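Chemist: Handing you a structure now.
The values are calculated or read from the model by the stated rules, or taken from the named source; none is laboratory data. Here the structure is a predicted model, which means the values were calculated and not measured. With ideal geometry, Cβ positions are generated from the backbone for all residues, glycine too; neighbour counts draw on all protein chains shown. For accessibility, only protein heavy atoms count, side chains too; no ligands or nucleic acids. Shrake-Rupley method; radii C 1.70, N 1.55, O 1.52, S 1.80 Å.
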Amino acid sequence: MKKIAFIGLGNMGGGMAANLVTAGYKVRAFDLSEDALAKAKENGCDTFTTVSEAVAEADAVVTMLPNGKIVKSVYTSEVIGKAPKGALFLDCSTIDVATTREVAELAENAGYMMVDAPVSGGIAAANGGSLTFMVGGTSEAFARAQTVLEPMSKAVIHAGQIGSGQVAKMCNNMLLAIHMIGTCEAMALAKKAGLAPQKFYEISSKSTGYCWSLNDYTPVPGVGATSPADYDYQGGFASALMLKDLGLAIAGAEDSGATVPMGEHALEIYKAFVEAGNGGKDFGAIFTTL
Ligand code: NAD
């Protein structure tokens, strides 16, 4: 595979496409945003004025788009039937499982192979080529996908059949939201009850309270690991994106009949926080509400 079409060159896709160029691929880029396209050109991508032109002649098509509605519309109107038969489609966007499976079925019926390959890791990992990809699809599709994903990744993991990558992503991020809120509550409680947050960090990060939110992304300014909390909660993982991911998890729970009371509560907490105008702040900023 030599030519890769890349659709969606935003915060994440821009750096990912640049890493494919560095790895020696011919990258055929498209985005609705002219700024994003100009940046992709500077990074060595060939740019096109429509999705259909970008996917023509492509051996593989990577999409990194905002949501399931857009993913479905891009594939059904401008990728399926326009890319060469046999091309591999990799959707790296975070979207709902049902749309993933629906689009993949349409693609397969038209003679393509498709994987869902959502990522863990933010903009820094996208730029640095150190994302974790969780991939759903057949073994054959996964083997082909590995060569495309490798230059953008620190890990590429086969989750199972199509849609399994999105299942892994929604479960991971629901867990992340819950332990972030728990970490913030424990930090606030320690402080109110007379224990310095730094001392609590030193103890709990080596005790059974240890978790990524506490140990590696401490949501309290000046305490523990350096994180967006130390920069007024700028950068990092936006609360609005966490709210989106929690919405996908709750929808997934409803579809599959799972019971997720803590996930539902986490969604309520992030919904209120985002509606209060904090959508752009890092998700650790929940600490400031306690
Ligand atoms: P973004 O909004 O920065 O980028 C999305 C890009 O898609 C934009 O440049 C936009 O112009 C483009 N776009 C929208 N509709 C299009 C269309 N019809 N055709 C072509 N281009 C179109 O978003 P992002 O932060 O890069 O996130 C992309 C995906 O990655 C989302 O699904 C998000 O949930 C997921 N994600 C983001 C992060 C993060 O930290 N930002 C982390 C993990 C996963």
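Chemist: Using a 1.4 angstrom probe on heavy atoms only, work out the carbon and sulfur share of the accessible area of region 43-135 in %.
Modeler: 53 percent
Chemist: If one computes the Cα centroid of region 177-212 and of region 248-286, what distance in Å separates the two points?
Modeler: For region 177-212 versus region 248-286, the Cα centre distance is 21 Å.
Chemist: How large is the charge dipole for region 3-162, taken about the Cα centre, if only the Cβ atoms of Lys, Arg (+1) and Asp, Glu (-1) carry charge, to the nearest 20 debye?
Modeler: 160 debye
Chemist: List the residues of region 1-25 whose backbone N lies under 18 Å from a point placed 7 Å from the Cα of Asp46 along the Cα-to-Cβ direction.
Modeler: 1-8, 17-25
Chemist: Right, another one. Fully extended, how many nm does the chain gain between Ala56 and Asp216 (0.36 nm per residue separation, minus their Cα-Cα distance)?
Modeler: This chain segment gains 53.3 nm when fully extended.
Chemist: Shifting gears a bit: Roughly what would the spin-label model give for Ala98 and Thr138, points 7 Å off Cα along C-beta, in nm?
Modeler: If labels sit at Ala98 and Thr138, their model points lie 2.6 nm apart.
Chemist: Taking region 167-289, how many lysine pairs are there with alpha carbons less than 18 Å apart, if each pair must be eight or more places apart or span two chains?
Modeler: Counting lysine pairs in region 167-289 gives 5.
Chemist: Counting only heavy atoms of protein chains, what accessible area per residue, in Å², does region 167-289 have with a probe of 1.4 Å?
Modeler: That works out to 50 Å² per residue.
Chemist: Applying 1/(1 + (r/R0)^6) with R0 = 30 Å to the Cβ-Cβ distance of Ala23 and His265, what FRET efficiency is obtained, to the nearest 0.05?
Modeler: Plugging the Cβ-Cβ distance into 1/(1 + (r/R0)^6) gives 0.10.
Chemist: Among the DSSP beta bridges whose two residues both lie in the chain, what percent are antiparallel, rounded to the nearest 5?
Modeler: 15 percent
Chemist: Once the dipole of the chain is set up with Lys and Arg at +1 and Asp and Glu at -1 on Cβ about the Cα centre, which of Ala54, Gly263, Phe237 lies farthest towards its positive end?
Modeler: Result: Phe237, furthest along the dipole toward the positive end.
Chemist: How high is the FRET efficiency between Ala225 and Glu34 when r is their beta carbon distance and R₀ equals 45 Å, given to the nearest 0.05?
Modeler: Rounded to the nearest 0.05, the efficiency is 0.75.
Chemist: Here's something else I'd like to know. Of all DSSP beta bridges in region 110-219, what percent run antiparallel (nearest 5)?
Modeler: Taking every DSSP beta bridge with both residues in region 110-219, the antiparallel ones total about 35 percent.
Chemist: Taking the Cα centre of each part, how many Å lie between region 33-74 and region 83-105?
Modeler: After rounding, the separation between the Cα centres reads 15 Å.
Chemist: Of the candidates Tyr231, Tyr217, Tyr270, which one comes out as most mobile in a Gaussian network treatment of the chain with C-alpha springs shorter than 10 Å?
Modeler: In the Gaussian network model the winner is Tyr231.
Chemist: Keeping all protein chains in place, calculate the accessible area per residue for region 3-162 (probe 1.4 angstrom), answer in Å².
Modeler: 42 Å²
Chemist: With equal scatterers on the alpha carbons only and no solvent term, can you work out the Debye log10 of I(q)/I(0) for region 3-162 at 0.11, 0.12, 0.14 1/Å?
Modeler: -0.35, -0.42, -0.58
Chemist: How much length, in nm to one decimal, is gained on full extension between Ala196 and Asn11, taken as 0.36 nm per residue of separation minus their Cα-Cα distance?
Modeler: Full-extension gain reported as 62.9 nm.
Chemist: Which percent of Cα-Cα pairs in the chain sits in each 5 Å bin, short to long?
Modeler: Using 5 Å bins, I get a P(r) of 1, 6, 12, 15, 17, 15, 12, 9, 6, 4, 2, 1, 0, 0 for the chain.
Chemist: Okay, next question. Using a probe of 1.4 angstrom, how much of the accessible area of region 167-289 is carbon and sulfur, in percent?
Modeler: That share works out to 60 percent.
Chemist: Moving to a separate point now. So if R0 is 35 Å, what FRET efficiency would Ser73 and Leu175 give, r being the distance between their Cβ atoms, rounded to the nearest 0.05?
Modeler: Given R0 = 35 Å and the Cβ-Cβ separation, E is 0.70.
Chemist: In whole percent, what relative contact order does the chain give with Cα contacts below 8 Å and a gap of six or more residues?
Modeler: Reported relative contact order: 13 percent.
Chemist: Note down the nm distance, to one decimal, between modelled labels 7 Å out along Cα→Cβ at Asn127 and at Thr147.
Modeler: 3.1 nm
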